[in-house]
Amino acid sequence: MRLKIVAGLLGKIVCAFALVMIVPLLYAVAQNEPISITFCLSMAITGAVGLLLRYYGDMSGHIGAREGYLIVSGAWFLTSLLGALPYWLSGWVPFYLDAVFETVSGLTTTGASIINDVEILPESLLLWRSLTHWLGGMGIIVLFLVFLTNLGADAVNLFKAESPGPTVERVMPRIRHMAIALWKIYVVFTFVQIALLCLAGMNLFDSINHSFATMATGGFSTKNSSIKYYDNLYIELIICFFMFFAGGNFGLYYLVWKKGIERLFRDTEFKLYLAIVLGSSLVIALFLHLQSGTDFLTGLRGSLFTVISLMTTTGFATADFDQWPPIAKIMLFMLMLLGGCAGSTAGGVKIIRVIILLKDAVISLLQSIHPKLVKTIKVDGRPVEFGVLHNILQFFFLYIVIFLVSTVLVSATGLVPFDAMSAVIATLSNVGPGFGVVGPTVTYAEVHPFAKAVFIVDMLLGRLELFTVLVLFHPEFWQPYMTRKAIVSTGKG
């Protein structure tokens with residue numbers, strides 16, 4: 001383990017993160033908001049931590065898989081702690097744990113909030129809140145790779161650690177070029193959405209904040225009642241489209257750009273993604289009509305927005321879906337668990353994992369009938385390697401274990417079972433709102449501090465898809481470093 005390289009790169013990332021705070025600082029100065037002093041102090045502290053790490057670090061040397069995992073996990077941990085400073089030092093979020101919760105929720109694009117009245121916050125703090133979404137959506141490390149030119153082949157270890165999904169593939173020869181292409185798509189669509197929301201009647205400030213949150217599939221709004229505040233069909237349709245887009249595979253979008261639109265509809269994951277969204281929206285609208293007496297078109301408007309919002313793990317709301325019929329709530333719960341496509345800014349289990357497991361289950365059934373049958377799992381004509389299947393099986397096992405353990409832990413604080421389960425899924429899948437005490441019309445403010453700590457861990461685990469964080473707790477991860485340290489301290493060798 002080359003800890004000096006880890007420290008050096010973490011120092012660069014933290015320094016870059018400090019520079020990002022210039023955006024809300026300049027806005028605060030322009031608006032003559034007193035919080036500008038807080039942003040200056042937060043920048044100074046963050047920059048000092050970054051410079052200290054760079055001073056003790058060393059940028060020369062090879063970045064292996066171990067270093068990649070530690071750099072990515074360390075970057076998310078440090079930015080979460082330091083990004084909480086503007087909330088805490090300004091006094092708008094008086095408890096540091098709550099400030100960290102809000103920051104982690106922003107960076108992991110969860111959108112769960114502990115702030116009951118966001119409309120009284122300074123606009124610069126709201127901008128910082130949304131900016132954490134936008135940075136975390138495509139990934140802190142992926143953005144870092146855009147500007148760091150000297151990593152070479154080592155960049156792949158950082159990219160894989162932050163984007164560990166089963167179908168993350170290099171659609172370009174070099175990882176840095178791929179990172180640039182992904183960010184170009186991300187930025188262009190963000191600006192397009194800002195323009196369209198302005199044309200639909202939303203003011204520029206709100207358009208910027210909601211576009212940051214939409215493209216990141218985050219869900220932080222500048223209004224207490226979220227998108228429901230506007231009651232504007234055109235705004236809802238625009239946000240629906242961009243939420244759906246953000247829940248798809250950005251690598252696939254690059255291929256579409258290069259090879260044509262037909263590439264999109266040859267992709268099995270995207271086709272199932274579209275079918276689930278349309279099918280679930282129609283079914284929920286039908287149940288709203290039959291069981292609640294809602295007009296079908298009105299119900300379809302609400303169900304389409306809610307299905308896309310929760311399936312892409314964005315978390316915007318135009319309706320109190322906690323009051324919908326039980327069948328609708330169960331379907332939404334399952335969509336929250338499922339999530340979007342691999343390679344998207346969405347959270348959740350990811351559709352491609354379900355596709356591969358279903359194909360494996362069908363083959364297992366056939367092999368029960370024909371024991372000598374040899375059949376390979378294929379997705380879009382490409383065989384799925386056994387290592388990928390094994391990784392998916394382990395992911396599901398760990399996901400369920402973490403879900404169960406987290407549910408037990410937060411239940412111990414007094415949450416009723418279904419509320420506890422929905423809150424865990426909402427944070428582990430990076431959705432934001434759940435049901436009951438964490439429903440779409442309330443916040444996480446009244447949740448017990450211990451439960452908030454559990455949710456912080458769940459949000460980070462969900463965003464980094466478990467392995468990147470959990471591998472740090474395996475004794476063998478540190479063993480090479482510990483062994484060398486022991487040899488040096490005893491004078492042997």
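Worth pointing out:
- Candidate set: region 298-326, residues that are at pLDDT below 95, among the polar types (S, T, N, Q) and more than 20 Å from Ala342 (Cβ to Cβ); chosen: the one farthest from the chain's Cα centre (by Cα): Thr298
- Within region 24-46, the set of residues being without any contact (Cβ under 8 Å) to a residue 60 or more places away in the chain and under 25 Å from the mean Cα position of the chain (by Cα) comprises Ser42, Met43, Thr46.
- Contact map, region 463-482: residues that are farther than 11 Å from Ser73 by Cα paired with residues that are modelled with pLDDT of 85 or more, Cβ distance under 6 Å, separation 6+ or inter-chain. Pairs shown: Phe477/Val471.
- In this structure, Ile356 does not qualify as in contact with a Gly (Cβ under 8 Å, 6 or more places away or on another chain), buried (at least 21 other Cβ atoms within 10 Å of the Cβ) and among the aliphatic types (A, V, I, L, M).
- Of the residues contained in region 350-365, one or more are found to be in a loop (DSSP other than H, G, I, E, B), closer than 27 Å to Leu252 by Cα and not hydrophobic (A, V, I, L, M, F, W, C).
- Sole exception among (1) surrounded by fewer than 22 Cβ atoms within 10 Å (Cβ to Cβ); (2) in a helix (DSSP H, G or I) for Glu33, by number: (2)
- Counting only residues that are loosely packed, with under 15 Cβ neighbours inside 10 Å and among the β-branched types (Val, Ile, Thr), region 36-56 holds 2 of them.
- Boolean, Lys271 is within 30 Å of Val384 (Cβ to Cβ) and charged (D, E, K, R): yes
- Residue pairs meeting the criteria (Cβ under 9 Å; at least 6 apart or on separate chains; first farther than 19 Å from Val379 by Cα, in region 259-281; second among the polar types (S, T, N, Q) and buried (at least 16 other Cβ atoms within 10 Å of the Cβ)): Val277/Thr312; Ser280/Ser303; Ser281/Ser303; Ser281/Thr306
- Complete set of residues in region 409-430 that are under 20 Å from Pro325 (Cβ atoms) and assigned to a loop (DSSP other than H, G, I, E, B): Val416
- Which listed residue, of Phe386, Phe397, is under 30 Å from Val454 (Cβ atoms) and surrounded by fewer than 16 Cβ atoms within 10 Å (Cβ to Cβ): Phe397
- Test: residue in region 371-384 that is more than 26 Å from Thr345 (Cα to Cα) and either part of a helix (DSSP H, G or I) or under 23 Å from the mean Cα position of the chain (by Cα) (or both): no
- When Leu300, Leu332, Leu264 are screened for being crowded, with 20+ Cβ neighbours inside 10 Å, touching a helix residue (DSSP H, G or I) at 6+ places or on another chain (Cβ under 6 Å) and on the phi < 0 side of the Ramachandran plot, only Leu332 passes.
- Evaluating Asp380 against the criteria (1) in contact (Cβ under 8 Å) with a residue 40 or more places away in the chain; (2) over 30 Å from Trp324 (Cα atoms); (3) surrounded by 17 or more Cβ atoms within 10 Å (Cβ to Cβ) leaves one unmet condition, (3).
- Every listed requirement among (1) modelled with pLDDT under 95; (2) over 23 Å from the mean Cα position of the chain (by Cα); (3) within 27 Å of Asp58 (Cα to Cα) is met by Cys15 save one, (2).
- Flag for Lys350 being in contact (Cβ under 8 Å) with a residue 24 or more places away in the chain and not polar (S, T, N, Q): yes
- For region 414-456, residues that are under 24 Å from Met311 (Cβ atoms), surrounded by fewer than 18 Cβ atoms within 10 Å (Cβ to Cβ) and either polar (S, T, N, Q) or touching a residue at least 40 places away in the same chain (Cβ under 8 Å) (or both) total 2.
- All conditions in (1) over 24 Å from Thr312 (Cβ atoms); (2) in a loop (DSSP other than H, G, I, E, B) hold for Tyr444, with the sole exception of (1).
- Ile63 in contact with an Asp or Glu (Cβ under 6 Å, 6 or more places away or on another chain) and crowded, with 18+ Cβ neighbours inside 10 Å: yes
- You will find that of Thr298, Thr314, the residue that is closer than 14 Å to Pro440 by Cβ and either in a helix (DSSP H, G or I) or touching a Gly at 6+ places or on another chain (Cβ under 6 Å) (or both) is Thr314 and no other.
- Boolean, Phe250 is touching a residue at least 12 places away in the same chain (Cβ under 8 Å), surrounded by 15 or more Cβ atoms within 10 Å (Cβ to Cβ) and within 21 Å of Ser113 (Cβ to Cβ): no
- Check on Thr345, of a type outside the set (A, V, I, L, M) and either touching a His at 6+ places or on another chain (Cβ under 9 Å) or part of a loop (DSSP other than H, G, I, E, B) (or both): yes
The values are calculated or read from the model by the stated rules, or taken from the named source; none is laboratory data. Just so you know, these numbers come straight off a predicted model, no measurement behind them. Virtual Cβ from ideal backbone geometry, glycine too; neighbours counted across all protein chains shown.
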